[in-house]
Amino acid sequence: RRICYPAAPALLVLSVGTFVLFSQWNKDPAATTVSRQKDFENIKPGTKKALLTLADGRKIELDQNKQGIIAEDGNNTIQQSHPGSLYYSENTGNFSFKSKIPQNTLEVPRSGEYSVTLNDGTIVWLNATSSLRFPLQFSASERRVSLSGEAYFKVAKDAARPFIVEVNDMEVRALGTEFNITAYPEDSRMSAALVEGTISVSRHEKEELLKPGKVAELSESGDIQVKEADIEEVTAWKNGEFVFHNTPLFDIMNQFARWYDIEVGYPDGIPSINFT
């Protein structure tokens, strides 16, 4: 990923800020400069990788080099024709599940990303440290999946069956639309931003209807707050970019930690600094 324009000023500020902070935290910053430089050189960007768990418990490690049919599960053929992208093609035969419909889980680790096309045509892009649990066949009344982390959804239109994303104790419901959900445990907020179409966001008995360009955030008190969304910043990760508009340092470093698989420490507390 790259830091979006204006990249040079942003990198300069981050570099100077990082040096100043490290200097404050270390009694002898000059002595650690060489070792820190070596540490930075070992930091590599993320790649296309994930772990797919099938209904029978089989686990398949995925990367961008795998091609063709990955596996068959139920009546579904799971294949990969593009790097980092799974495709579920539904068999024309009838499903006959005696109990609950089997589920698959796609897990993306740190420094990874992946996408999956579900058998209804919905495309889901998963960011680093995220997982999606989904059925091999959707029911006749709804299409329901569970998310942890962050994902961008491009939902296939189906007026008879709403698409529902469970995230913690919140639900995002759509028919055919595009939206981004962020729900990392380590972040200070959980949010759903609408890019196109209409979605409803509900928690317990509270529900909010969103229009394009709006974001619903779950506050610490449990209330759903609807605000203007910064769509460029929200969807930047899907386009291989980092975009920050007056973003707190803590949120920025959380993104870096997930994508570059690094640990970030704040010996003297988290500085109240925002970056654009």
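The values are calculated or read from the model by the stated rules, or taken from the named source; none is laboratory data. All values derive from a computational prediction rather than experimental measurement. Methodologically, a virtual Cβ is constructed for each residue, glycine included, from the backbone with ideal geometry; neighbour enumeration extends over all protein chains shown. Just so you know, the surface numbers come from the protein's heavy atoms only, side chains and all, with ligands and any DNA or RNA stripped out. Shrake-Rupley method; radii C 1.70, N 1.55, O 1.52, S 1.80 Å.
Do the conditions hold for Gly240, that is, is it surrounded by fewer than 18 Cβ atoms within 10 Å (Cβ to Cβ), of a type in the set (Gly, Ala, Ser), within 15 Å of the chain's Cα centre (by Cα) and within 18 Å of Tyr152 (Cα to Cα)? Yes. Counting only residues that are at pLDDT 90 or above, open to solvent by less than 80 Å² (accessible area, probe 1.4 Å) and outside any loop (DSSP other than H, G, I, E, B), segment 56-105 holds 16 of them. The set of residues from segment 193-224 being closer than 29 Å to Ala159 by Cβ and open to solvent by 80 Å² or more (accessible area, probe 1.4 Å) comprises Glu196, His204, Glu205, Lys206, Glu207, Leu209, Lys211. The set of residues from segment 42-60 being in contact with a strand residue (DSSP E or B) (Cβ under 9 Å, 6 or more places away or on another chain) and more than 14 Å from Asp261 (Cβ to Cβ) comprises Lys48, Ala50, Leu51, Leu52, Thr53, Leu54, Ala55, Asp56, Arg58, Lys59, Ile60.
The set of residues in segment 245-265 being open to solvent by 20 Å² or more (accessible area, probe 1.4 Å) and among the aromatic types (Phe, Trp, Tyr) consists of Phe250, Phe256, Tyr260. Inspection of segment 118-138 finds no residue satisfying the criterion of being out of contact with any strand residue (DSSP E or B) (no Cβ under 8 Å at 6 or more places or on another chain) and more than 30 Å from Glu196 (Cβ to Cβ). Restricting to segment 245-265, and then to whatever is in contact with a Ser or Thr (Cβ under 7 Å, 6 or more places away or on another chain) and aromatic (Phe, Trp, Tyr), can you tell me which residue is nearest to Asn127 (Cα to Cα)? In this case the residue turns out to be Trp259.
Need at least 1 residues that are polar (S, T, N, Q) per element, so show me which strands (runs of 3 or more DSSP E) inside segment 162-276 make the cut, counting only ones lying wholly within it.
Result: 178-183, 190-196, 199-203, 224-228.
Residues checked against (1) within 22 Å of Lys238 (Cα to Cα); (2) of a type in the set (Phe, Trp, Tyr); (3) out of contact with any Ser or Thr (no Cβ under 9 Å at 6 or more places or on another chain):
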site	(1), (2), (3)
Lys48	yes, no, no
Leu51	yes, no, no
Gly84	yes, no, no
Ile101	no, no, no
Val108	yes, no, no
Ile123	yes, no, no
Asn127	yes, no, no
Glu142	no, no, yes
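Counting the residues of segment 116-161 that are open to solvent by 30 Å² or more (accessible area, probe 1.4 Å), hydrophobic (A, V, I, L, M, F, W, C) and part of a loop (DSSP other than H, G, I, E, B) gives 3.
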